1. Within the stretch 60-78, take every residue that is among the hydrophobic types (A, V, I, L, M, F, W, C) and modelled with pLDDT under 95 and give me the one that is surrounded by the most Cβ atoms within 10 Å (Cβ to Cβ).
2. Give me the pairs: first residue in the stretch 43-61 and acidic (Asp, Glu), second residue surrounded by 10 or more Cβ atoms within 10 Å (Cβ to Cβ), beta-carbon distance under 7 Å, and six or more apart or on different chains, which are they?
3. Kindly check whether there is at least one residue in the stretch 53-74 that is in a helix (DSSP H, G or I), within 30 Å of Lys100 (Cα to Cα) and not hydrophobic (A, V, I, L, M, F, W, C).
4. Out of Lys27, Lys65, report the one residue that is free of Cβ contacts under 8 Å to residues at least 24 places away in the same chain and of a type in the set (Lys, Arg).
Amino acid sequence: MKDENKTKEELIKELKELRLKNSELEKSKADYRQADKALREREVKYRLIAENTSDLICVTSFNLKATYIYVNHSYKKILGYEPEELIGKSSLDFIHPDDKRKL
């Protein structure tokens, strides 16, 4: 029904519903911002841990190639590879051909 055909009561009811919906959306927006901020803070903390540990830490794609998405700087210290040398490559690329046959 067009607005000009609605009664005053119908328009007031619709206005109240729209205000309520707007309020709910504002709350959802605030909740999203808070969750996003918390996620970013956790990401910074975990990155600091990953970058400052002496352990090898990596993230690979979840497929048969197991492509490196992230590796920490310990790869340079322990294995001699810069992270940039590994990102985008498969972990299988670093297995000796004789050993690949055993897989």
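1. Residues of the stretch 60-78 among the hydrophobic types (A, V, I, L, M, F, W, C): 62, 64, 66, 69, 71, 78.
From what is left, the residues that are modelled with pLDDT under 95 are 62, 64, 66.
Working: Phe62: 8, Leu64: 8, Ala66: 15.
Only one residue fits best here, namely Ala66.
2. Within 7 Å, the pairs are Glu51/Asn72; Glu51/His73; Asp55/Ser74.
3. Going through the stretch 53-74, the residues in a helix (DSSP H, G or I) turn out to be 74.
Checking the rest, the ones that are also within 30 Å of Lys100 (Cα to Cα) come to 74.
If we keep only those that are not hydrophobic (A, V, I, L, M, F, W, C) too, we end up with 74.
Within the stretch 53-74 (the criterion being in a helix (DSSP H, G or I), within 30 Å of Lys100 (Cα to Cα) and not hydrophobic (A, V, I, L, M, F, W, C)), the answer is yes, since at least one residue qualifies.
4. Working: Lys65 fails: free of Cβ contacts under 8 Å to residues at least 24 places away in the same chain.
Matching residue, one of Lys27, Lys65: Lys27.
The values are calculated or read from the model by the stated rules, or taken from the named source; none is laboratory data. Keep in mind the model is a prediction, meaning the values are calculated, not measured. So basically every Cβ, Gly included, is an ideal-geometry build from the backbone, and we count neighbours across all protein chains shown.
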